[in-house]
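Throughout, read-outs are computed from the coordinates displayed, never taken from laboratory work. In this text the structure is predicted, and so the values were computed from the model without any measurement. Cβ placement follows ideal geometry from the backbone for every residue including glycine, while neighbour counts extend to all protein chains displayed.
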Amino acid sequence: MKLLEYEGKEIFERYGIPMTARRGVLKLGDSLERLKLDGPGPWVVKAQVLAGGRGKAGGVKLARTPAEARELTGAMLGMKIVTHQTQGKALIVEEVLVEDACAIAREIYISVVLDRKEACPAIIASAEGGMSIEELALSNPEKIIKVQVDPEAGLLDYQARQLAFDLKIPQKNFCEFTLFARQLVKVFLETDASLVEVNPLIISEDGRLLAIDSKIVTDDNALFRHKDQAAKPDHEASEIEKEAKAIGINYIGLDGDIGCMVNGAGLAMATLDTVKMAGGDAANFLDVGGGANVDQITRAFQIILKDPKVKAVLVNIFGGIMKCDNIAAGVVEASKKVHIRVPLIVRLEGTNVKEGREILARSGIKIEQAGSLWEAAQKAVAAAR
């Protein structure tokens, strides 16, 4: 699950990570008068979207008066943002964060990521932070610092000190930075994150070390350990994905036009690959579960068919725990309950596969059967065209 900036900063606050003061988060439909601003300003108005590069797209503005801050917030709410990370898709700004601005003397990049090759967390940092860190990694990779972290012990004191030396942290901020680095690793480990990023971490002109941005991505599989995170909305999920999650179906919408219903995550991934090899594109990843019953299959059909892009449905089921004849009966029953307007291709394999195929053949429902996954994928691609 990807958290918005202000959600990440709420977590940072619990760990004592230094930040500028947040003055409020307004959502679409909120009154601008809810924004209470005191002090001389200025303030930064930030669009809360899950994409980097929002500053260049007009999603970060500086306000010097309370009236200007409210005006910029009102203009930003509902605006559409396209950045280099949105792949041409416009994101609608539904929430805006307003916080104190500060004069920046220096920017630093720092993040904690999962190093899958070494099977441990790693700090990635650079003395040259800011918006173009990706370009820096390509043009000057020697300026990127990497520190592997023990997942049990966290960041050790000597590692934090060496990192501060490598980043040329000023003496007055040295101890503050080493504490910050250790706490950032704690955030990563204790929230079951796959990414915790601050870009930039700044040293202000008055000498303060401050995290003025946050990016946290957590592992959905660990949400049972974090009830507060589980209660948050998934900002990237479509309405169909939210509905599927609510009824316990593993569903991710994709860009293709072949709806896929499969039992088991590994088989589902193999099905998507095979559809691609056959010249088509899947409309979704859908794992209906190893013990799928009629109700689950019915709901899966309903979820798939809510996607207007779907031109054919491919059902690929391996009968193991649940036998093929029971699955076939479930598919037939579900097909009667759900009006399927597109071609339906079914491939069954496993225990009692012969009986299952006979049930499908005798059903009277327009179902095209396939003897192999490759054949099923080819038929689905042809049907979608």
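Using Cβ counts within 10 Å as a stand-in for footprinting exposure, how do Asp307, Asp273 rank, fewest first?
Exposure proxy ranking, most exposed first: Asp273, Asp307.
Using the number of other C-beta atoms within 10 angstrom as an exposure proxy, rank Met79, Met322, Met277 with the fewest first.
Met277, Met79, Met322
So what are the ³J(HN,Hα) numbers for the stretch 188-193, from phi and the Karplus equation (6.51, -1.76, 1.60; θ = phi - 60°), rounded to whole Hz, Gly and Pro as x?
Going residue by residue, I get 4, 6, 7, 9, 6, 8 Hz, with x marking Gly and Pro.
Would you list which aspartates and glutamates come within 17 Å of Lys337, measuring only between C-alpha atoms, while excluding same-chain residues fewer than 8 positions from it?
Correct list for Lys337: Asp295.
Mind listing the long-range amide H neighbours of Cys260? Cut-off is under 5 Å, sequence gap 5 or more, other chains count too, H placed in the peptide plane at 1.01 Å from N.
Amide H neighbours of Cys260: Ala283, Asn284, Leu314.
Going by a ≥ b ≥ c, the root eigenvalues of the Cα gyration tensor, does the stretch 266-331 fall in the rounded group (a/c under 1.5), the prolate group (a/b larger than b/c) or the oblate group?
It comes out oblate by the Cα gyration axes.
Picking from Ala222, Ala270, Ala47, which is most flexible by a Gaussian network model of the chain using Cα springs under 10 Å?
Result: Ala270 has the largest fluctuation of those listed.
At 222 nm, what helix-only mean residue ellipticity would the chain give, in deg cm²/dmol to the nearest 500, using -39500 (n - 2.57) for each DSSP H run of four or more?
Estimated from H runs of four or more residues: -10000 deg cm²/dmol.
Could you list Tyr109, Tyr15 so that the one with the fewest beta carbons within 10 Å of its beta carbon is first and the one with the most is last?
Ordered by Cβ neighbours within 10 Å, fewest first: Tyr15, Tyr109.
Hey, what did the stretch 105-169 get for relative contact order, percent, Cα under 8 Å, at least 6 apart?
Relative contact order comes out at 30 percent.
In whole percent, what relative contact order does the chain give with Cα contacts below 8 Å and a gap of six or more residues?
12
Looking at the stretch 71-114, what % of the alpha carbon pairs are farther apart than 15 Å?
Everything past 15 Å amounts to 66 percent.
Step through the residues of the stretch 246-260 one at a time and calculate ³J(HN,Hα) from phi using the Karplus curve (6.51 cos²θ - 1.76 cosθ + 1.60, θ = phi - 60°), rounding each to whole Hz and writing x for Gly and Pro.
These are the phi-based 3J(HN,Hα) values: 5, 9, x, 9, 7, 9, 9, x, 10, 9, x, 10, 10, x, 10 Hz.
Straight-line reach from Lys117: which lysines fall under 26 Å, measuring Cα to Cα and dropping same-chain residues less than 8 apart?
List returned: Lys2, Lys143, Lys146, Lys186, Lys215.
Trypsin sites (Lys or Arg not before Pro), restricted to the stretch 9-63: which are DSSP loop and have at most 15 other Cβ atoms within 10 Å?
Answer by residue number: Lys36, Lys56.
Magnitude of the Cβ-charge dipole of the chain, K/R +1 and D/E -1, about the Cα centre, nearest 20 debye?
Value, rounded to 20: 860 debye.
Could you pull out every residue, at least 5 positions away or on a different chain, whose amide H is within less than 5 Å of the one on Leu195? Hs are placed 1.01 Å off N in the peptide plane, and Pro or chain starts have none.
Val217
Where does helix 265-277 land angle-wise versus the long Cα axis of the chain, in degrees 0 to 90, nearest 10?
Around 80 degrees separate the two axes.
So what's the projected area for the chain, the Cα convex hull averaged over all directions, in nm²?
Its average projected convex-hull area is 22.1 nm².
Select from Ala125, Ala244, Ala181 the residue whose mean-square fluctuation is largest in a Gaussian network model of the chain (Cα-Cα springs shorter than 10 Å).
Highest fluctuation of the listed residues: Ala244.
Considering only DSSP states other than H, G, I, E and B, which chymotrypsin sites (Phe, Trp or Tyr not before Pro) in the stretch 270-366 qualify as loop sites with at most 12 other Cβ atoms within 10 Å?
Hits after loop and neighbour filter: nothing returned.
Please list, ordered by chain and number, the residues whose modelled amide H lies under 5 Å from the amide H of Ala105; skip anything fewer than 5 residues away on the same chain.
For Ala105, whose amide H was placed from the backbone, the distant partners under 5 Å are Ile203, Ser204, Glu205.
Short version: ³J(HN,Hα) in whole Hz for each residue of the stretch 29-35, in order, from phi by Karplus 6.51 cos²θ - 1.76 cosθ + 1.60 (θ = phi - 60°), x for Gly and Pro, what are they?
So the Karplus estimates, Gly and Pro as x, are x, 6, 6, 5, 5, 5, 7 Hz.
List, in the order given, every pair from Lys242/Lys309; Lys242/Lys276; Lys309/Lys354; Lys232/Lys336 whose Cα-Cα distance in the structure shown is over 29 Å.
Lys309/Lys354; Lys232/Lys336
Are there any trypsin sites (Lys or Arg not before Pro) in the stretch 94-175 that are in a DSSP loop and have at most 15 other Cβ atoms within 10 Å? List them by number.
Those that pass, being in a loop and sparsely packed, are Arg116, Lys117, Lys168.
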